[in-house]
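Down below is the structure, laid out as structure tokens.
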Amino acid sequence: MIDHHSTCVTQSHPPTAHRQMLVWGWAIVTIALCAAGCRTLEQTPQTICNDTTAVDAVMCRVDSGNAGSVASTEDQRPLTLEDFQSGSEIHYWELTLEEAISTALTNTQVLRDLGATILRSPDLMMTEQSRPLQQTDPRFGMEGALSAFDAQLDILATFQNNDRRFNNRFFGGGSNVFTQDRHDYIAQLSKRSATGAEFALRSISDYDANNATGNITPSAWQQQFEGEVRQPLLQGGGLTFNRIAGPGSVPGVYNGVLIAKVNSDINDLEFELALRRFVSDVTNAYWDLYFAYRDFDAKHFALEKSRETWLNYEAQKVANRRSGAAEALAREQFFRFQSELQDAIAGKATQRTESGSGTQGGVFAGVGGVQAAERKLRLMIGLPQRGEQLLRPSDEPIAAPIRFDWDSIAAEALRDRAELRKQRMVVERRRLEWIAAKNFLLPQLDMIGRYRYRGLDKNWIGDDSAFRDLGSGNFQEWEAGFELSLPVGFRQAHAAVQNARLHLAREQAVLTEQSRRVTHDLAAMVAEADRAFQQTQTNMNRFLAAADAVEALEANRRAGLPVNLEQLLDAQRRLSDAQTLYFTAKTEYAIALKNIEFEKGSLLRSSRLYLASNQ
């Protein structure tokens with residue numbers, strides 16, 4: 001028995017067969033690596049050699065608490081009130097609103113806001129990578145959804161050496177001791193169609209060398225070519241379900257191509273919302289700076305008038321023509337206006353006009369301060385906080401009354417407002433999910449078909465080979481059938497349909513309420529624009545009257561006529577307040593007109609900005 005075993009092993013395992021098997025095994029591995037691409041070879045130090053250099057460097061920075069790099073800026077020391085009082089010459093950059101928006105878009109990768117969201121919630125910030133991030137999301141992006149229909153190549157190579165002893169010759173192929181060398185090579189190319197069908201083409205090659213006494217040859221190759229198709233007829237089948245939910249989905253989880261497309265459109269609208277808020281905040285910062293300069297002019301004019309009055313009364317005091325009380329009142333008014341001028345130059349660290357969450361255009365805060373407002377505008381348009389030139393708006397607010405046709409702008413708001421367009425997309429996504437959910441109420445019935453060619457001989461290729469025998473077509477097999485599977489009661493499917501229906505009803509209710517809010521906010525802005533324009537006219541008349549009063553009192557004083565000092569000082573204060581209120585109303589009118597464009601969804605269009613589609 002022992003000699004027979006040795007003889008069989010020698011006959012079944014010639015050295016050439018071993019070499020041939022190893023060559024084919026390495027060939028299969030090489031084909032698999034080449035199919036995977038060059039990146040496979042680039043990653044072998046990390047996967048095969050366990051090289052952890054890269055991850056160790058990252059974790060070293062994490063453990064030291066100094067993760068990442070520190071960003072550097074070119075910002076210099078900010079301008080202060082002392083710089084203005086030094087008497088150095090100031091150069092201005094006369095900036096239009098269009099130039100401000102263009103500069104802002106050129107100098108930003110992050111759509112900034114005035115509320116410091118970048119520090120509170122950086123994950124909420126929209127950047128120039130936001131749209132590509134959604135599109136390249138491997139789970140919910142378009143490419144991720146389409147990948148479910150990509151062809152899949154699978155390669156398997158296994159090697160066995162069996163050495164067994166049996167109590168019955170029947171189980172050992174005619175021998176009580178069974179020895180075998182076996183290699184199996186399987187290559188499969190599979191693909192799923194848009195109707196849910198699964199197609200597969202397989203090549204199955206196996207080498208078997210054993211000592212069974214009934215063998216035709218001590219070793220043999222078997223080659224099979226096989227085609228298989230599985231087509232869902234009910235659940236999971238059809239273009240509708242697979243385009244919405246994607247193949248292999250489960251109730252409540254839908255991520256097909258159509259869902260991914262809607263998600264991509266929603267992401268584009270979210271980017272548009274962020275861009276709209278950004279343009280609105282840049283516009284607000286621009287008009288804040290405009291008002292700061294006008295407020296500075298008013299305070300500077302008032303200071304010069306009060307200086308003239310104070311010097312006049314100081315001269316009369318020296319000449320003993322006036323009491324010290326009159327000179328002190330005039331001096332107090334001068335320093336009062338000087339204090340207001342200093343605030344008008346430097347400003348305070350208070351919030352300016354901003355749009356909050358971005359759902360509204362913002363209400364003018366009426367806060368002066370050239371330096372503070374200029375820093376805000378520089379922040380928004382991406383410039384260093386200090387430059388060689390001081391930004392100064394060159395545009396003037398619209399002074400003419402503008403009348404809006406309510407029916408026209410209300411219809412435009414309901415059609416173009418980005419929030420409503422986004423919500424309509426959400427409603428349609430829920431509708432698609434509801435359609436897909438109803439598919440799970442069907443039983444799973446699949447049609448299955450296979451067809452196979454076989455060949456067997458002592459060699460794999462060449463003469464007396466398995467391929468030659470396969471090519472003769474003498475050995476063919478086929479299989480066809482149906483497979484049925486259904487859960488009794490469809491509890492999960494019914495819950496999924498009900499859940500999808502409730503989601504759809506909720507989003508429709510939200511859309512209705514959003515539409516009401518949009519028209520309400522638009523009406524409020526139309527009323528605000530009318531109020532601001534009326535205030536512009538009223539405060540202009542007030543400003544002119546106050547100027548006439550001051551001029552009349554100053555003329556009397558210069559002519560030597562008696563003038564009530566308290567009346568003159570009060571008139572100067574009234575003139576300063578009226579001038580500031582006039583420019584406040586002008587700025588409010590400009591922002592109100594911008595907010596109407598904001599509310600009716602045309603702010604980007606009126607700013608001549610358009611989003612390019614990445615589809």
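The values are calculated or read from the model by the stated rules, or taken from the named source; none is laboratory data. Owing to the predicted nature of the structure, the values given are computational and were not obtained by experimental measurement. As a convention, Cβ positions derive from the backbone with ideal geometry for all residues, glycine included, and neighbour counts pool all protein chains shown.
Among ARG169, ARG139, which is the only one that is at pLDDT below 90, farther than 30 Å from GLU228 by Cα and either outside any strand (DSSP E or B) or among the charged types (D, E, K, R) (or both)?
ARG169
Given the criterion over 14 Å from LEU414 (Cα atoms), touching a helix residue (DSSP H, G or I) at 6+ places or on another chain (Cβ under 8 Å), among the hydrophobic types (A, V, I, L, M, F, W, C) and in a helix (DSSP H, G or I), identify the matching residue among LEU544, LEU511, LEU522, LEU504.
Answer to the check: LEU504.
Out of all the residues in the stretch 522-571, which are among the polar types (S, T, N, Q) and closer than 24 Å to PRO401 by Cβ?
Answer for the stretch 522-571, where residues must be among the polar types (S, T, N, Q) and closer than 24 Å to PRO401 by Cβ: GLN534, GLN535, THR536, GLN537, THR538, ASN539, ASN541.
From LEU441, LEU470, LEU420, LEU445, which residue is assigned to a helix (DSSP H, G or I), within 43 Å of the chain's Cα centre (by Cα) and at negative phi?
On inspection, the qualifying residue turns out to be LEU420.
Would you mind telling me which numbered condition in (1) surrounded by 14 or more Cβ atoms within 10 Å (Cβ to Cβ); (2) within 30 Å of LEU97 (Cα to Cα) ALA411 fails?
Single failed check for ALA411: (1).
For (1) among the aliphatic types (A, V, I, L, M); (2) part of a helix (DSSP H, G or I), each residue gets a yes or a no:
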| residue | (1), (2) |
| --- | --- |
| GLU226 | no, no |
| ARG243 | no, yes |
| LEU258 | yes, yes |
| SER264 | no, yes |
| PHE278 | no, yes |
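Which of the residues that make up the stretch 577-603 are surrounded by fewer than 20 Cβ atoms within 10 Å (Cβ to Cβ) and within 26 Å of SER264 (Cβ to Cβ)?
Selection gives SER602 alone.
On the basis of being over 27 Å from PHE404 (Cβ atoms) and touching a residue at least 60 places away in the same chain (Cβ under 8 Å), does GLN498 make the cut?
Considered against the rule, which asks whether it is over 27 Å from PHE404 (Cβ atoms) and touching a residue at least 60 places away in the same chain (Cβ under 8 Å), GLN498 comes out as no.
I need the full set of residues from the stretch 199-224 which are part of a strand (DSSP E or B) and in contact with a Ser or Thr (Cβ under 8 Å, 6 or more places away or on another chain), in order please.
PHE199, ALA200, LEU201, TYR207, ASP208, ALA209, ASN210, SER219, TRP221, GLN222, GLN223, GLN224
Say we look at the stretch 503-534 and pick out the residues that are surrounded by fewer than 16 Cβ atoms within 10 Å (Cβ to Cβ) and of a type in the set (A, V, I, L, M); which of these is nearest to PRO397 (Cα to Cα)?
Among those that are surrounded by fewer than 16 Cβ atoms within 10 Å (Cβ to Cβ) and of a type in the set (A, V, I, L, M), it is ALA527.
So which residues in the stretch 148-164 are in contact with a Gly (Cβ under 8 Å, 6 or more places away or on another chain) and either among the polar types (S, T, N, Q) or surrounded by 13 or more Cβ atoms within 10 Å (Cβ to Cβ) (or both)?
Matches in the stretch 148-164: ALA148, ALA157, PHE159.
I need every pair where a residue in the stretch 174-201 that is farther than 17 Å from MET447 by Cα has its Cβ under 6 Å from the Cβ of a residue that is surrounded by 17 or more Cβ atoms within 10 Å (Cβ to Cβ) and among the basic types (Lys, Arg), sequence separation at least 6 or different chains.
GLN188/ARG202
Here is a check on your reading of the model: is GLN492 surrounded by fewer than 16 Cβ atoms within 10 Å (Cβ to Cβ), within 22 Å of ASP405 (Cβ to Cβ) and of a type in the set (S, T, N, Q)?
no
Hey, LEU568 hits all of (1) within 18 Å of LEU329 (Cβ to Cβ); (2) surrounded by fewer than 17 Cβ atoms within 10 Å (Cβ to Cβ) but one; which does it fall short on?
Every listed condition holds for LEU568 apart from (2).
Please determine whether any residue of the stretch 110-127 is among the acidic types (Asp, Glu), at pLDDT below 75 and either out of contact with any Lys or Arg (no Cβ under 7 Å at 6 or more places or on another chain) or over 23 Å from VAL279 (Cα atoms) (or both).
Checking the stretch 110-127: at least one residue is among the acidic types (Asp, Glu), at pLDDT below 75 and either out of contact with any Lys or Arg (no Cβ under 7 Å at 6 or more places or on another chain) or over 23 Å from VAL279 (Cα atoms) (or both).
What residue, among those in the stretch 178-198 that are among the aliphatic types (A, V, I, L, M) and in a loop (DSSP other than H, G, I, E, B), is farthest from ARG164 (Cα to Cα)?
Going through the qualifying residues, I end up with ALA194.
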